[in-house]
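Read the structure below first, then the notes.
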Amino acid sequence: MLNLSKRARSISPSATLSIDTKTKELIASGVDVINLSVGEPDFHTPDQASLAAISAITKHFTKYTAVNGIVELRQAIAKKLLEENHLQYTANEIIVSTGAKQSLFNIFMTILDPLDEVLLPTPYWVSYPEQIALCDGIPVPLVTNESTQFKITPTQLEQAITPKTKAILLNSPSNPTGAVYTSSELHALAEILNKHDLYVISDEIYEQLTYGVAHESIAGLPGMRDRTFVVNGFSKTFAMTGWRVGYVAASEQLVRAMSSLQSHTTANPSSISQWAALGALGTFNLQTVTEYRARRDFVVAMMSSFDGIQCIQPEGAFYVFPNAAGVVSKRYTSAHGDSCVIKSVDHLCELLLTEAHIAVVPGTGFGAPDNFRISYATSLSQLELANKRLKTFFNQVE
Ligand SMILES: Cc1ncc(COP(=O)(O)O)c(C=O)c1O
């Protein structure tokens, strides 16, 4: 049997998708698991999007489109960026792709030469380091923790820059921590990024979901526009994970390079999904934020009530990222009397799944092995049920 390529052998499967697979297997075998591992909204895709998609099918908009997306959608995205983010882009400075995941991959493929370094604040979304490595770049972790609310400091940034540094990845609001950079924090980082002439990949996919500090795009700060790739998509804001539509706004030269690349990989994203995305724009319901905020408050209070768990209050996205280092080395004893020492937070997550039937994602895949991620993109009634199970579980830990 011939070997797989080194590249294929180097990829780890997505930690979030593999816990999801395990959870679904348990559910299929009849176990009633509460799934707090998923990174997708429990709301429905807006009707305006679904109806636009149906209309696209009946009107036979089912053929290849321009590689970078239909002009109607790119114009509408440009309008959205201007009105909501105060960013000025033309339709030619926007490329639509098959999910923000592809947008990010296009960026790394376009800017990285072998051994170029990309500064990557930890905890990070699982796909960033894998994608950077797949493009022969080196992800350089900038470690953060609860003490800075999971945000990097200007000094930390400046000290990490080397002659090989090409770019920094910023994800605000963040998956998995929910951290949101304030305007003054962004200004301080922007000053250093300008000084060192670096690219910025600004993943703003959770921009609408903030509960205190409003989202601001770093691309709008002085000197930043032409060095920044603004990444966004329809998955989280419009509950359209399955439609696969994401986009990047950047200077025309960068967009042209990404379009050439995309022309040889997927070409255009699904024509039907593009019309659906156009239908979705402008329909975001602020009530969603109120609902998520209530859930966040519930989960933070719930997690903070357990011994050994430290849980800071996130300002955005739909995740809470508790630190469970204080539970490691304690003993769990089940109702049947079986007992074991909790070896790590990964082990704790395994026990939560098999004993309490609660699925969460271990922090290891996010570069933070002391933490785990809870998604509250699920109803309050499910979260209340989870609370009961977790109480029972943590009562059996000592
Ligand atoms: C931070 C972040 N960026 C990008 C994505 C990719 O989103 P999609 O490919 O569904 O547009 C996700 C999805 O989980 C995410 O959490």
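Within the option set Ala335, Ala301, Ala294, being more than 19 Å from the chain's Cα centre (by Cα), surrounded by fewer than 23 Cβ atoms within 10 Å (Cβ to Cβ) and not in a helix (DSSP H, G or I) holds for one residue only, Ala335.
Among the aliphatic types (A, V, I, L, M) and farther than 30 Å from Leu142 by Cα - does that describe any residue in segment 362-373? Checked segment 362-373: no residue is among the aliphatic types (A, V, I, L, M) and farther than 30 Å from Leu142 by Cα.
Being charged (D, E, K, R) and touching a residue at least 60 places away in the same chain (Cβ under 8 Å) is the filter; apply it to segment 227-278 and report the residue that is nearest to Thr210 (Cα to Cα). Filtering first and then ranking leaves Lys236. For segment 73-103, the set of residues classified as polar (S, T, N, Q), within 16 Å of the ligand (Cβ to nearest atom) and open to solvent by 20 Å² or more (accessible area, probe 1.4 Å) consists of Thr98, Gln102, listed by residue number. Between a first residue in segment 111-127 that is among the hydroxyl-bearing types (Ser, Thr, Tyr) and a second residue that is within 11 Å of the ligand (Cβ to nearest atom) and part of a loop (DSSP other than H, G, I, E, B), which pairs have beta carbons less than 9 Å apart while being 6 or more apart in sequence or on different chains? Cβ pairs passing all conditions: Tyr124/Ser174; Tyr124/Asn175; Tyr124/Pro176; Ser127/Ser14. Restricting to segment 219-257, and then to whatever is among the polar types (S, T, N, Q), more than 9 Å from the ligand (Cβ to nearest atom) and within 21 Å of the chain's Cα centre (by Cα), can you tell me which residue is surrounded by the most Cβ atoms within 10 Å (Cβ to Cβ)? Taking the candidates together, the pick is Thr228.
Scan segment 156-193 for residues that are touching a residue at least 24 places away in the same chain (Cβ under 8 Å) and open to solvent by 50 Å² or more (accessible area, probe 1.4 Å) and the total you get is 7. Scan segment 306-327 and tell me whether some residue there is in contact with a His (Cβ under 9 Å, 6 or more places away or on another chain) and either modelled with pLDDT of 95 or more or closer than 25 Å to Glu84 by Cα (or both). Yes: segment 306-327 contains one or more residues that are in contact with a His (Cβ under 9 Å, 6 or more places away or on another chain) and either modelled with pLDDT of 95 or more or closer than 25 Å to Glu84 by Cα (or both).
The values are calculated or read from the model by the stated rules, or taken from the named source; none is laboratory data. Just so we're clear, the structure is a prediction, and the values are computed from it rather than from any experiment. Virtual Cβ from ideal backbone geometry, glycine too; neighbours counted across all protein chains shown. Note: accessible area is taken over every heavy atom of the protein model, side chains too, but ligands, DNA and RNA are not part of it. Shrake-Rupley method; radii C 1.70, N 1.55, O 1.52, S 1.80 Å.
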